[in-house]
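Notes follow the structure.
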Amino acid sequence: MSEKTIVNTNARGFAGLIKNLMDPLNANPDFEVKFKKVNKKFLINAPNLHYAAILSVIDGKVKVESVPNKPESNLNKEIIHWDGYISMDSQIFLALAMNRISMMGIIVKWISKKVTMKGILNLLTVLKIFNFLK
């Protein structure tokens with residue numbers, strides 16, 4: 001399978017929620033200036049839901065697409081070409097997005113295997129993006 005056959009440009013399910021959270025950033029001129037040179041793709045998966053979100057930051061603009069997270073081979077780095085991957089329950093993600101859980105809390109959940117991360121240094125960009133949502 002290729003990326004074009006499994007990626008849905010219309011954000012569905014969990015990806016739709018992420019898209020609604022990220023859309024205001026495209027209208028923020030400060031965000032565009034700060035992330036003008038960033039070209040990264042992140043995969044955010046909520047395994048308890050049906051779709052994962054692909055968050056692309058390209059030249060100061062955010063784009064969110066969806067991909068089915070079953071079978072798990074759909075989330076393969078060779079297919080989607082993501083720079084960073086994070087998988088957590090949707091409730092944990094919402095707590096993070098709404099500042100109800102700290103980064104220390106995420107680290108504790110990572111140690112206890114409730115959160116999976118790959119490309120951790122690239123995921124720091126996602127944290128900077130979340131700071132713009134405040």
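The values are calculated or read from the model by the stated rules, or taken from the named source; none is laboratory data. Nothing here was measured: the structure is a model prediction, and the numbers come from that model. Quick reminder, even Gly has a Cβ in these numbers, built from the backbone with ideal geometry, and neighbours come from all protein chains shown.
Residues that are under 12 Å from the mean Cα position of the chain (by Cα) and part of a strand (DSSP E or B): does region 14-28 have at least one? Outline the logic, then answer.
At the first step, the residues of region 14-28 found to be under 12 Å from the mean Cα position of the chain (by Cα) are 14-19, 21-22.
Checking which are part of a strand (DSSP E or B) leaves us with none.
No, the conditions are met nowhere in region 14-28.
Take K40 and decide whether it is outside any helix (DSSP H, G or I), surrounded by 11 or more Cβ atoms within 10 Å (Cβ to Cβ) and not polar (S, T, N, Q). It is true that K40 is outside any helix (DSSP H, G or I), surrounded by 11 or more Cβ atoms within 10 Å (Cβ to Cβ) and not polar (S, T, N, Q). Here's a check for you: in region 1-10, which residue that is out of contact with any Asp or Glu (no Cβ under 6 Å at 6 or more places or on another chain) and assigned to a loop (DSSP other than H, G, I, E, B) is surrounded by the fewest Cβ atoms within 10 Å (Cβ to Cβ)? It comes out as S2.
Looking only at region 36-51, decide whether some residue is aromatic (F, W, Y) and in contact with a strand residue (DSSP E or B) (Cβ under 8 Å, 6 or more places away or on another chain).
Looking through region 36-51, at least one residue is aromatic (F, W, Y) and in contact with a strand residue (DSSP E or B) (Cβ under 8 Å, 6 or more places away or on another chain).
If you go through region 2-12 one residue at a time, do you hit one that is modelled with pLDDT of 80 or more, farther than 13 Å from S56 by Cα and not polar (S, T, N, Q)? Yes.
Quickly run through region 95-125 and pick out the residues that are outside any helix (DSSP H, G or I) and modelled with pLDDT of 80 or more. Show your work before the answer.
Let us first name the residues in region 95-125 that are outside any helix (DSSP H, G or I), namely 98-102, 112-119.
Residues satisfying the conditions are R100, I101, S112, K113, K114, V115, T116, M117, K118, G119.
Yes/no matrix, rows are residues, columns are (1) touching a residue at least 12 places away in the same chain (Cβ under 8 Å); (2) more than 23 Å from F132 (Cα to Cα):
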residue	(1), (2)
T9	yes, yes
N20	no, no
H50	yes, yes
G60	yes, no
S66	yes, no
N76	no, yes
A97	yes, no
M117	yes, no
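If we keep just the residues of region 70-94 that are of a type in the set (D, E, K, R) and surrounded by 15 or more Cβ atoms within 10 Å (Cβ to Cβ), which is modelled with the highest pLDDT?
From region 70-94, those of a type in the set (D, E, K, R) are 70, 72, 77-78, 83, 89; that's our starting set.
Applying the additional criterion that residues be surrounded by 15 or more Cβ atoms within 10 Å (Cβ to Cβ) yields 83, 89.
Values: D83: 94, D89: 90.
Ranking the qualifying residues of region 70-94, first place goes to D83.
So which residues in region 46-63 are among the small types (G, A, S), in a strand (DSSP E or B) and buried (at least 19 other Cβ atoms within 10 Å of the Cβ)? Listed by number, the residues that qualify are A52, A53.
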